[in-house]
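Student: Here it is, the structure, as C-alpha cells.
The values are calculated or read from the model by the stated rules, or taken from the named source; none is laboratory data. Here the structure is a predicted model, which is why all the values come from computation and not from measurement. Counting neighbours? That spans all protein chains shown, and the Cβs are built from the backbone with ideal geometry, glycine included. Surface accessibility is based on the protein's heavy atoms, side chains included, excluding ligands, DNA and RNA. Shrake-Rupley method; radii C 1.70, N 1.55, O 1.52, S 1.80 Å.
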Amino acid sequence: MIITNIPFIVSQIMFFYANSIETLYACSMLMGLSVGYSGGPSSSYIGEVCEPKLRGALMSATNVFYYVGSLLFTLIYAITLEWRLTVLIGMSIPIATVVVLFMTPQSPMWLLTKGESLKAQRTLGKLRGWPSQETCSSKEFKEMIAYTSSVVYDEDDNETDQNGETSSWGQLLRPEVYRPFRLLVVYIFFANLLSGIQYGPYLVSVFTEFGAPVNVEFTLAFSVFLSTIGGIITIFLISKLGKRFLTFSTLSICSICYILIGLIGVYTTNSNPTTSWLILILFLTTTFMSSLGIMPIAWVLLTEIFPMKSRNITCSAGSAIGYLIAFFLIKYYLELSNLVNFYNTFTLFGISGLFGTVYFYFYLPETENKTLQEISEFFK
C-alpha cells in the first residue's frame with residue numbers, strides 16, 4: 001500500500017510542472033495505474049483487519065471518501081482558481097497516506113501465514129484495543145488461526161509450486177475461489193450498469209436531452225452530493241439490513257426507474273416540463289439508490305469473499321475487471337445509443353437489472369457479520 005502511493009506522487013509532481021499536452025496524458029496514465037495498483041492490496045487489508053460486524057460499514061466508507069475528495073478539490077479549485085496550486089495541495093494526500101501507513105501494523109492474518117503467531121496476536125490486540133494479551137486468546141483470533149491454516153495447509157489442495165508449497169495461482173481453480181470470483185464479476189457488471197457509470201462522461205448532454213429547465217452544472221454537482229449522502233447512509237444501514245436486502249432493493253428500484261425513464265422518453269412525443277422533471281427525478285433517484293446499495297457493496301464483497309491464500313491475486317484481478325467493465329461501458333455507450341435510441345438504452349439497462357436481481361436472489365449469500373472463515377465455507 002505504501003508503494004502504490006509513489007507513482008501517484010510522481011504523477012502529481014509531473015502534473016505541477018507540466019507544460020505540454022503530452023505530459024498531461026502521461027500524468028493521467030500514471031495516476032490511473034496508481035489507482036488500479038492500490039485497489040488490490042488496500043481492499044485485501046481492510047477485509048483482513050476489520051471485525052466482521054464493522055467490515056461492511058468501514059469498507060462502505062471508502063466510497064464516501066471518493067465523493068468527498070472530489071467535492072473537496074473541486075471546492076479548492078473554485079476558491080483558488082489556480083490549478084497548479086490545487087495540484088500542489090493534492091500532493092499532500094499521498095504523502096500523508098505514506099506517513100500513516102508507516103505507523104500502520106501488518107495484517108494479523110498475513111502474519112499468521114508467515115508463521116509469526118505471537119506477533120499476529122499482539123497486532124490483533126493493538127487493532128482491537130485489547131488491554132492484555134490474555135484477551136487476545138479470543139474466539140476471533142482462534143478463528144483467524146483456523147482460517148489461515150485451512151487455506152495454506154489444506155490437505156485437499158493438490159496444486160503445488162516447485163517447492164512443494166500450495167500455489168496461490170493453483171488456488172484459482174478451486175470452487176471457493178472461482179465461485180465467488182464469478183459472483184463478483186457479475187455483481188460489478190450490474191452495479192456499474194445500474195449506477196449509470198456509462199452516462200458519466202456525457203452527463204451534460206444527458207441532462208440537456210432530458211429537457212428539464214435546470215442549470216446543468218448545478219445538477220451535476222447535486223448528483224455528486226446525492227451520491228455522497230447515499231454512501232454515508234450505507235455505512236449505518238448495511239449492518240442493520242444486510243447486503244442481500246440492500247442489493248435487492250436498490251437494484252430493483254434502479255432497474256424500475258431506468259425502465260420508466262425509457263418508456264416515458266419514447267412514448268411521450270410532446271415533451272413538457274412535467275415529464276422532463278419526472279425523468280430527471282427518476283435519474284437522480286437511481287444516482288442516490290445506487291450509491292446507497294449496489295456500488296459500495298460491490299467493493300465490500302471484494303474484501304471478504306475470497307480465501308486468504310488467493311486474496312491478493314483475486315482482489316487485484318477483481319479491481320482490474322471492475323475498471324475494465326467501466327471502460328467498455330463508457331467506450332461503447334455512444335455506439336449503443338446511436339443503434340437503439342437514447343431512451344431505449346435506459347429500458348435495455350433496466351430490464352437487464354431485473355435479471356440481475358433474480359440472479360442475486362439465488363447466488364448472493366448474506367456475508368454481513370460473518371467471519372471470513374464462514375464465508376469461505378459457504379463457497380466450498
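Student: Looking only at region 314-351, which residues are in a loop (DSSP other than H, G, I, E, B) and either of a type in the set (Phe, Trp, Tyr) or closer than 16 Å to residue 183 by Cα (or both)?
Tutor: 332
Student: So, residue 224, is that one part of a helix (DSSP H, G or I) and either touching a Pro at 6+ places or on another chain (Cβ under 7 Å) or within 19 Å of residue 70 (Cα to Cα) (or both) or not?
Tutor: It is true that residue 224 is part of a helix (DSSP H, G or I) and either touching a Pro at 6+ places or on another chain (Cβ under 7 Å) or within 19 Å of residue 70 (Cα to Cα) (or both).
Student: Based on this model, can you work out whether residue 129 counts as small (Gly, Ala, Ser), out of contact with any Asp or Glu (no Cβ under 6 Å at 6 or more places or on another chain), modelled with pLDDT of 75 or more and more than 30 Å from residue 351 (Cα to Cα)? Talk me through it step by step, then tell me what you get.
Tutor: Numbers: small (Gly, Ala, Ser): yes; out of contact with any Asp or Glu (no Cβ under 6 Å at 6 or more places or on another chain): yes; modelled with pLDDT of 75 or more: yes; more than 30 Å from residue 351 (Cα to Cα): yes.
Yes: the conditions hold for residue 129.
Student: A further question on this structure: For region 66-79, state whether one or more residues are within 21 Å of residue 1 (Cβ to Cβ), modelled with pLDDT under 85, within 12 Å of the chain's Cα centre (by Cα) and open to solvent by 60 Å² or more (accessible area, probe 1.4 Å).
Tutor: yes
Student: Within region 361-378, does at least one residue satisfy the condition of being surrounded by fewer than 16 Cβ atoms within 10 Å (Cβ to Cβ) and among the β-branched types (Val, Ile, Thr)?
Tutor: no
Student: Quick check on my filter: what residues within region 83-112 are outside any loop (DSSP other than H, G, I, E, B), open to solvent by less than 80 Å² (accessible area, probe 1.4 Å) and closer than 18 Å to residue 145 by Cβ?
Tutor: Passing the criteria: 108, 109, 111, 112.
Student: Continuing with this model, one more query. Of all residues in region 288-347, how many are touching a residue at least 40 places away in the same chain (Cβ under 8 Å), over 30 Å from residue 53 (Cβ atoms) and polar (S, T, N, Q)?
Tutor: Result for region 288-347: 4.
Student: Can residue 278 be described as at pLDDT 95 or above, over 21 Å from the mean Cα position of the chain (by Cα) and open to solvent by 50 Å² or more (accessible area, probe 1.4 Å)?
Tutor: Criteria not met by residue 278.
Student: Which residue pairs have Cβ atoms closer than 8 Å, lie 6 or more positions apart in sequence or on different chains, and pair a first residue in region 35-56 that is among the aromatic types (Phe, Trp, Tyr) with a second residue that is open to solvent by less than 30 Å² (accessible area, probe 1.4 Å)?
Tutor: Pairs found: 37/4; 45/107.
Student: Follow-up question, since we're still on this one. Of 375, 321, 325, which residue is among the aliphatic types (A, V, I, L, M) and closer than 30 Å to residue 138 by Cα?
Tutor: Working: 321 fails: closer than 30 Å to residue 138 by Cα; 325 fails: closer than 30 Å to residue 138 by Cα.
When all the criteria are applied, what remains is 375.
Student: Being outside any helix (DSSP H, G or I) and either at pLDDT 90 or above or open to solvent by 40 Å² or more (accessible area, probe 1.4 Å) (or both) is the filter here, so list the residues in region 47-63 that pass it.
Tutor: Matches in region 47-63: 51 only.
Student: Tell me, please, whether a residue that is under 30 Å from residue 112 (Cα atoms) and either of a type in the set (Gly, Ala, Ser) or open to solvent by 60 Å² or more (accessible area, probe 1.4 Å) (or both) can be found in region 15-26.
Tutor: Within region 15-26, not a single residue is under 30 Å from residue 112 (Cα atoms) and either of a type in the set (Gly, Ala, Ser) or open to solvent by 60 Å² or more (accessible area, probe 1.4 Å) (or both).
Student: Scan region 205-264 for residues that are touching an Asp or Glu at 6+ places or on another chain (Cβ under 6 Å) and either surrounded by fewer than 18 Cβ atoms within 10 Å (Cβ to Cβ) or modelled with pLDDT under 90 (or both) and jot them down.
Tutor: 242, 244
Student: (1) under 27 Å from the mean Cα position of the chain (by Cα); (2) at pLDDT below 85; (3) within 16 Å of residue 372 (Cβ to Cβ): which one isn't true of residue 111, the others all being true?
Tutor: Unmet for residue 111, out of (1) under 27 Å from the mean Cα position of the chain (by Cα); (2) at pLDDT below 85; (3) within 16 Å of residue 372 (Cβ to Cβ): (2).
Student: Another question, if that's okay. Mind checking which residues of region 1-46 are small (Gly, Ala, Ser) and assigned to a helix (DSSP H, G or I)?
Tutor: At the first step, the residues of region 1-46 found to be small (Gly, Ala, Ser) are 11, 18, 20, 26, 28, 32, 34, 36, 38-40, 42-44.
Hits for region 1-46 are 11, 26, 28, 32, 34, 36, 38, 39, 40, 42, 43, 44.
Student: Go through 135, 148, 166 for me and flag whichever is touching a strand residue (DSSP E or B) at 6+ places or on another chain (Cβ under 8 Å), among the β-branched types (Val, Ile, Thr) and modelled with pLDDT under 85. I'd like the intermediate steps shown before the answer.
Tutor: Numbers: 135 fails: touching a strand residue (DSSP E or B) at 6+ places or on another chain (Cβ under 8 Å); 148 fails: touching a strand residue (DSSP E or B) at 6+ places or on another chain (Cβ under 8 Å).
It is 166.
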